[in-house]
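Inspection log for the structure reproduced underneath, given as structure tokens.
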Amino acid sequence: MLASPAILDTAIDNAGPSNADVVALDRANVFHSWSAQKSLNPLAIAGGSGSTVWDHDGNTFLDFSSQLVNTNIGHQHPKVIAAIAQQATSLATVAPAHANHVRATAAAKILSHAPATMDKVFFTNGGADANENAIRMARLHTGRDKVISCYRSYHGNTGAAIAATGDWRRIPNEYSRGHIHVFGPYLYRSEFWAETPEQETERALHHLRRVLQAEGPQSVAAVLLETVPGTAGILVPTPGYLQGVRALCDEYGIMMILDEVMAGFGRTGDWFAFDAFDVTPDLITFAKGVNSGYIPVGGVIISGDIAATFDACVFPGGLTYSGHPIAAASIVASIEAFEEEDIVGNAARIGRDHLEPGLQALAEKHDVIGDVRGRGVFWALELVQDRSTRTPVTADYMGRLKAELFGRGLLPFIAENRIHVVPPAVVTAEEVAQALAIYNQALSAVSI
Ligand code: PLP
């Protein structure tokens with residue numbers, strides 16, 4: 001474990017609960033997401049600062065998970081915490097129908113980093129309902145029903161959002177209609193027998209065109225894509241793919257929705273991940289990094305054309321907490337801190353100068369690393385039993401690796417046969433060096 005910071009020593013002196021106390025209370029009362037409940041043994045987290053978290057027993061961990069890839073600004077950023085406290089003191093809640101200064105300011109701040117074609121922001125409680133409402137807007141704007149998304153994707157855990165999701169979480173929730181899935185680019189495990197990025201792009205676009213034609217393009221309201229599919233493996237799209245999707249959408253009058261819930265607000269080293277791909281969507285969904293999850297919030301950034309559809313016609317959607325003032329205050333403070341501290345620039349530099357070369361060097365040392373991919377502070381190491389067959393390592397291997405990382409003081413993000421290297425966007429070069437040393441030791445300690 002890492003040495004405990006001074007703030008932690010004070011907290012421990014105050015004799016709060018132990019890890020065992022907290023886990024026992026949790027297991028007696030809390031029902032956890034995406035889990036069979038009985039065998040759970042969660043990590044108790046007591047506090048955090050920047051890229052570090054600590055438990056109740058004095059152990060600290062480098063947080064290279066950013067929790068659920070959301071603490072882009074790091075833990076406990078003082079400016080965001082102060083804004084939350086200040087807003088709680090002045091007005092802790094307000095109905096969405098009222099005008100509210102901090103909400104309007106948050107929307108203006110978000111729009112200031114979005115393409116010029118974007119006109120309005122609709123606030124939601126998180127990422128799933130952002131996608132839900134973006135789909136609703138696209139359907140009402142086009143008068144069409146179907147939504148095309150990728151098998152390798154995650155868009156959230158609500159009706160249409162979970163049906164639009166490609167991974168296993170869709171199947172037990174598949175009760176909403178009109179969702180069609182395609183394969184997107186993933187050169188390492190190409191569905192198209194591609195050997196080059198150019199082939200992957202061309203063939204993935206051909207596949208999308210053929211599915212559109214088979215479905216009847218006049219019935220398709222939207223293509224919904226994660227700009228960089230995150231949970232599915234940080235699948236950076238091959239060059240030209242997103243522009244090709246944009247061109248297909250334009251050809252058939254289909255709305256392009258880019259889900260920036262995980263990839264947006266600095267994660268890829270840009271304000272929005274699509275900034276690097278020369279493409280402008282019609283709707284953008286966001287959550288996580290917009291305020292690092294300090295208060296639950298998400299939203300839809302809406303193009304002028306789509307917003308105009310609802311100038312005279314009622315938008316049939318809303319939420320009690322849409323544009324909650326404390327969430328809005330945290331957004332304003334977070335975006336200001338991003339601007340003042342060049343946090344997006346830090347993510348880009350860390351990715352280019354430290355994570356990319358450091359992870360590539362790890363791959364040279366460890367045959368188990370089959371692929372290294374990512375941008376900014378959004379990287380995946382894909383682990384394989386054999387580089388030639390690309391057979392994924394087993395769940396047992398990943399469990400042992402996770403224990404080794406954890407025991408050395410690193411909180412990892414593990415998904416299937418991958419380590420997602422996803423620290424906060426404020427991570428320092430020293431912290432990356434420390435983490436790379438831990439990944440190296442852990443990979444050396446575990447055999448296939
Ligand atoms: N979209 C993407 C790309 C996500 O990664 C997630 C969550 O991980 C969601 C949507 C859902 O967001 P939320 O959990 O806030 O509903």
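We did not get these values from a lab; they are worked out from the coordinates using the rules stated. What you see is a predicted model; the values in this text were computed from it and never measured. Positions of Cβ are backbone-derived with ideal geometry, glycine not excepted, and every protein chain shown enters the neighbour counts.
Below are the figures for this structure:
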| read-out | value |
| --- | --- |
| Shape of the stretch 396-445, Cα gyration tensor, a/c cut at 1.5 | oblate |
| Gyration tensor verdict on the stretch 224-378 (Cα atoms; rounded if a/c is under 1.5, prolate if a/b is larger than b/c, oblate otherwise) | oblate |
| Distance between the stretch 103-126 and the stretch 405-448 - C-alpha centres, whole angstrom | 34 |
| Choice from D119, D278, D270 with maximal GNM fluctuation in the chain (Cα, 10 Å cutoff) | D278 |
| Computed over the stretch 42-150: relative contact order in percent, which uses C-alpha pairs under 8 Å that are six or more apart | 12 |
| Proximal lysines to K365, defined as alpha-carbon separation beneath 21 angstrom and excluding residues fewer than eight positions away on the same chain | K402 |
| For the stretch 105-259, alpha-carbon Rg relative to the globular expectation (2.2 N^0.38 Å, N residues) | 1.03 |
| Given charges at Cβ of Lys, Arg, Asp, Glu: the stretch 59-159 dipole, positive-most of V69, F123, L140 | L140 |
| Fraction of antiparallel bridges per DSSP, the stretch 78-340 only, in percent to nearest 5 | 40 |
| Fewest-first sequence of T124, T238, T196 by Cβ atoms within 10 Å of each Cβ | T196, T238, T124 |
| Sorted by Cβ neighbour density within 10 Å, fewest at the top, the residues S33, S51, S176, S292 | S33, S176, S51, S292 |
| Pair R387, E336: separation of 7 Å Cα→Cβ label points (nm) | 5.1 |
| Residue order, fewest to most beta carbons within 10 Å, for S444, S219 | S444, S219 |
| GNM top mover of A204, A97, A114 - the chain, alpha-carbon springs below 10 Å | A97 |
| Percent RCO, i.e. relative contact order, over the chain, from Cα pairs under 8 Å lying at least 6 residues apart | 21 |
| Most fluctuating residue given options I414, I45, I350, as computed from a GNM of the chain linking Cα atoms under 10 Å | I45 |
| Descending principal axes extents, the stretch 78-340, alpha-carbon based, whole Å | 58, 38, 37 |
| For the stretch 404-448: relative contact order, % (alpha-carbon pairs under 8 angstrom, 6 or more apart) | 45 |
| The chain, Rg to Rh (Cα coordinates; Rh as Kirkwood inverse mean 1/r) | 0.96 |
| Positive dipole terminus of the stretch 78-340, leading residue within I81, I306, M255 (C-beta point charges) | I81 |
| Counting DSSP beta bridges with both ends in the chain, the antiparallel % (nearest 5) | 65 |
